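A.B. asks: Mind looking over this structure? Questions follow.
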Amino acid sequence: MIVCAGNIESFEFATAIGVGLIESAMNLTRLALFDKPDFLIFIGSAGSYGKYKPFDIVESSIAANIENSFLTGGSYTPLDNVIQAYNDDNVSRETKDIVNSSNYITTDEELSSSYQKHNIELENMEFFSVLKIAQEFKIPVLGIFVVTNYCNKSAHKDFLVNHDKAKYLLSEYMLEKYKELKL
């Protein structure tokens, strides 16, 4: 099953699960309870902390839930804030880049470089909750992201300018890669 956030980030071949950590967790839980998929592919846009450039497509199976204040020493968490996808033999373990999820978008370039020091390369609002729910229900999962912007002061403006082209490129990537799915 292919899932996406929804709203302006909808795809004809994907089921929308909601924007942000809470909506996506609630709706994916409901989906897993009533119609548990054998495999999940989450697709969406991502901001880059610097390694990837706009329109790059990146696959990952590792997510973090780190707030900016954690990097500056302004907060801590007793929770496991980096998780890897539930895995079986069908999911590649080769993806090493971590995707950070928060309900907030990073616009500080210094903080962006701090994420990179921890091998965290991308930012997507939903992926951590997708992995957490998939882990709970033992569903293999993979995230496929298209970069829309860098995480800097112009993040939102660049996201809006690049979003349509990024969605098109991600759709084409999915159509090519997953021909057998008849998207």
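A.B. asks: What distance in nm lies between label points placed 7 Å from Cα along the C-beta direction at LYS177 and ASP56?
C.D. replies: Between LYS177 and ASP56, the label points sit 1.5 nm apart.
A.B. asks: Using the beta-carbon distance between ALA16 and THR72 and R0 = 41 Å, what value does 1/(1 + (r/R0)^6) give for FRET efficiency, to the nearest 0.05? Each step should come with its number before you reach the end.
C.D. replies: On the way: r = 34 Å, r/R0 = 0.83.
In this case the efficiency is close to 0.75.
A.B. asks: Can you figure out the FRET efficiency of LYS165 with GLN135, using R₀ = 41 Å and their beta-carbon distance, to the nearest 0.05? It would help to have the intermediate numbers written out before the result.
C.D. replies: Values: r = 33 Å, r/R0 = 0.80.
Calculated transfer efficiency: 0.80.
A.B. asks: If you rank LEU131, LEU160 by fewest surrounding Cβ atoms within 10 Å, what's the result?
C.D. replies: Values: LEU131 29, LEU160 12.
Arranged by neighbour count, lowest to highest, LEU131, LEU160 become LEU160, LEU131.
Just so you know, all these numbers are worked out from the coordinates, no wet-lab data involved. Just so you know, these numbers come straight off a predicted model, no measurement behind them. Every residue, glycine as well, gets a Cβ built from its backbone with ideal geometry; the counts of neighbours run over all protein chains shown.
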